[in-house]
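*Asks:* Can you keep this structure in mind? I'll have questions shortly.
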Amino acid sequence: RFLGLEVEGDAVLDPGLGLPTDFARQIVEQVGNYGEIFEEHLSPLGLERGVNSLWTEGGILYAPPYR
């Protein structure tokens with residue numbers, strides 16, 4: 001829903017801001033997800049993900065299910 005896709009007949013997210021329903025998908029498509037942004041801009045500086053990793057990889061980032 002958040003990416004502007006219909007899921008199991010549920011309506012897509014409409015935050016009432018006048019944005020297109022697929023605004024989140026467009027953002028991720030254009031700039032990438034968090035991991036891609038980190039790798040492109042911070043890894044060249046020699047920084048490792050460390051605590052900025054997903055919790056499944058020993059970090060503290062956790063994205064709860066979106067419902």
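The values are calculated or read from the model by the stated rules, or taken from the named source; none is laboratory data. What you see is a predicted model; the values in this text were computed from it and never measured. Because the Cβ atoms are built from the backbone with ideal geometry, glycine has one as well, and the counts that use them run over all protein chains shown.
*Asks:* Looking at Glu48 and the list (1) surrounded by 12 or more Cβ atoms within 10 Å (Cβ to Cβ); (2) farther than 22 Å from Glu8 by Cα, which single condition is not satisfied?
*Replies:* Single failed check for Glu48: (1).
*Asks:* So the check is Cβ under 9 Å with 6+ separation or different chains; which pairs have a first residue in the range 38-50 that's on the phi < 0 side of the Ramachandran plot and a second one that's modelled with pLDDT of 90 or more and among the aromatic types (Phe, Trp, Tyr)?
*Replies:* Leu47/Phe38; Arg49/Phe38
*Asks:* Could you list, in sequence order, the residues of the range 29-67 that are of a type in the set (A, V, I, L, M) and not in a strand (DSSP E or B)? Please lay out each step first, then the result.
*Replies:* First, pick out the residues of the range 29-67 that are of a type in the set (A, V, I, L, M): 31, 37, 42, 45, 47, 51, 54, 60-61, 63.
Correct list: Val31, Ile37, Leu42, Leu45, Leu47, Val51, Ile60, Ala63.
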